[in-house]
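Note sheet for the following structure.
The values are calculated or read from the model by the stated rules, or taken from the named source; none is laboratory data. Just so it is clear, the structure is predicted and the values come from calculations on it, not from any experiment. With ideal geometry, Cβ positions are generated from the backbone for all residues, glycine too; neighbour counts draw on all protein chains shown.
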Amino acid sequence: DSGVTQTPKHLITATGQRVTLRCSPRSGDLSVYWYQQSLDQGLQFLIQYYNGEERAKGNILERFSAQQFPDLHSELNLSSLELGDSALYFCASSVGQGGVAAFFGQGTRLTVV
Amino acid sequence: GESVGLHLPTLSVQEGDNSIINCAYSNSASDYFIWYKQESGKGPQFIIDIRSNMDKRQGQRVTVLLNKTVKHLSLQIAATQPGDSAVYFCAENIGMDSNYQLIWGAGTKLIIKP
């Protein structure tokens, strides 16, 4: 158990809908990262927050947004969902802004039908 | 852009043998490297890391080697076990000037033959 908690574990929704994925980082970690992993693919970095502020942005679509709350948990919002958004979404956390290992949650499997 | 890549997408190893997974990187400014293991349906799990001021680091049954001259990273797993079956990712951190951006390799699938 990495200490990073993601909910829900599975999510099935229709095209055009909006969903929110939730992540609770490890105790003491200030950074939260979001990644997308399509079937048999590598990890695509979406966005990073550090202590409530956006720290780095990757290949995140405009239909996607995220935030980190004062209690350091984070949410990833995915809107106007398309079939191609079906993927595993991982959250990771680390104690610092970077240059340290990040620890991953078990992921949310999103299926868009 | 610059990226981390892997030589072999799939590696088959006999149980009990040593496994070596390779990774090439192209950014000379990279100062920190991490290996992750991802089992099917699970999140990546941290295995071992190494900073650029080192060329070798050992963990439990794993060793990471860093050759900065040829920009090469490898993960050695001793006495490979069935539980080592997974996809292994290397990740490269290119430092503070690049906002600590972590570049991920494509992954190598390790298959253990009984």
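Structure above, values below:
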item	result
Selection within region B:70-94 - within 14 Å of chain A (Cβ to nearest Cβ) and part of a strand (DSSP E or B)	B:Ala86, B:Val87, B:Tyr88, B:Phe89, B:Cys90, B:Ala91, B:Glu92, B:Asn93
A:Asp29 out of contact with any strand residue (DSSP E or B) (no Cβ under 9 Å at 6 or more places or on another chain), within 14 Å of chain B (Cβ to nearest Cβ) and either closer than 30 Å to B:Leu110 by Cβ or in a strand (DSSP E or B) (or both)	no
Residue within region B:102-110 that is modelled with pLDDT of 95 or more and within 29 Å of A:Ala87 (Cβ to Cβ) present	yes
Region A:86-98 residues that are under 24 Å from B:Asp31 (Cα atoms), paired with ones that are outside any strand (DSSP E or B) and charged (D, E, K, R) (beta carbon under 7 Å, 6 or more apart)	A:Ser93/A:Arg26; A:Ser93/A:Asp29; A:Ser94/A:Asp29; A:Val95/A:Asp29
Filtered residue count, region A:32-53, keeping only those that are outside any loop (DSSP other than H, G, I, E, B) and within 11 Å of chain B (Cβ to nearest Cβ)	7
All positions within region B:59-69 that are charged (D, E, K, R) and in a strand (DSSP E or B)	none
Unique match (being in contact (Cβ under 8 Å) with a residue 60 or more places away in the chain, closer than 19 Å to A:Phe64 by Cα and in contact with a Cys (Cβ under 7 Å, 6 or more places away or on another chain)) among A:Gln37, A:Gln6	A:Gln6
Of all residues making up region A:57-109, the number that are closer than 18 Å to A:His10 by Cβ and within 14 Å of another protein chain (Cβ to nearest Cβ)	11
